[in-house]
Each structure stands twice: as structure tokens, then as C-alpha cells.
1. Could you say which residue among 65, 59, 21, 32 is farther than 24 Å from residue 7 by Cα, modelled with pLDDT of 90 or more and out of contact with any strand residue (DSSP E or B) (no Cβ under 8 Å at 6 or more places or on another chain)?
2. Select, from 71, 32, the only residue that is assigned to a loop (DSSP other than H, G, I, E, B) and touching a helix residue (DSSP H, G or I) at 6+ places or on another chain (Cβ under 8 Å).
3. Within segment 6-18, is there a residue that is over 17 Å from the mean Cα position of the chain (by Cα), assigned to a helix (DSSP H, G or I) and surrounded by 10 or more Cβ atoms within 10 Å (Cβ to Cβ)?
4. Taking only pairs six or more apart or across chains, which ones have beta-carbon atoms under 7 Å, a first residue in segment 35-51 that is surrounded by 12 or more Cβ atoms within 10 Å (Cβ to Cβ), and a second residue that is assigned to a helix (DSSP H, G or I)?
């Protein structure tokens with residue numbers, strides 16, 4: 001974790017008990033305090049790359065353009081697997 005230059009306190013109100021149980025379980029699994037587990041979860045969440053919805057939709061549309069009558073038979077699947085191992 002980065003050196004904390006300026007720290008802040010955060011109070012979470014009305015946290016559902018199932019969420020708290022899962023956070024506690026994760027903290028035990030990662031051998032951290034509950035506080036450090038929450039900080040780790042928040043850091044992971046805010047540092048993740050944003051989803052590019054337009055790129056995702058373009059990819060879905062590209063996949064949908066695959067000919068509808070294309071069928072993957074067991075024989076074709078076996079052939080593709082074998083060619084991938086060559």
C-alpha cells in the first residue's frame with residue numbers, strides 16, 4: 001500500500017450484514033484487518049479501467065454478424081482442437 005500522506009476517515013452507515021460477513025471473510029482469507037480489507041477493495045475498485053461501452057457494443061455487433069446458419073459439429077470442433085495443438 002502507498003505511504004499515506006493525507007488520510008481521511010470514512011464511516012459506512014447501514015451496511016447490510018451479508019456484505020459485512022463477506023468483507024470479514026475476505027479479510028481473514030487475505031490475513032488483513034477489516035479496515036485494510038475495505039481499503040484494498042476500494043483501491044481496486046477505483047483503480048480499475050473504465051468500461052468502454054461503445055467498444056464493447058461494437059464487438060458484440062461484430063460477433064452477431066457471424067452467419068446464423070454456421071453450426072459447430074462435434075467433428076468440426078475436434079478438427080479445430082487438433083489444429084490448435086499442431
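1. 21 is the lone residue from the list that is farther than 24 Å from residue 7 by Cα, modelled with pLDDT of 90 or more and out of contact with any strand residue (DSSP E or B) (no Cβ under 8 Å at 6 or more places or on another chain).
2. So the residue among 71, 32 that is assigned to a loop (DSSP other than H, G, I, E, B) and touching a helix residue (DSSP H, G or I) at 6+ places or on another chain (Cβ under 8 Å) is 32.
3. Checked segment 6-18: no residue is over 17 Å from the mean Cα position of the chain (by Cα), assigned to a helix (DSSP H, G or I) and surrounded by 10 or more Cβ atoms within 10 Å (Cβ to Cβ).
4. Taking only residues 6 or more apart or on different chains, the pairs are 37/23; 37/26; 37/27; 38/23.
The values are calculated or read from the model by the stated rules, or taken from the named source; none is laboratory data. Given the structure is predicted, the values throughout are model-derived calculations rather than measurements. Quick reminder, even Gly has a Cβ in these numbers, built from the backbone with ideal geometry, and neighbours come from all protein chains shown.
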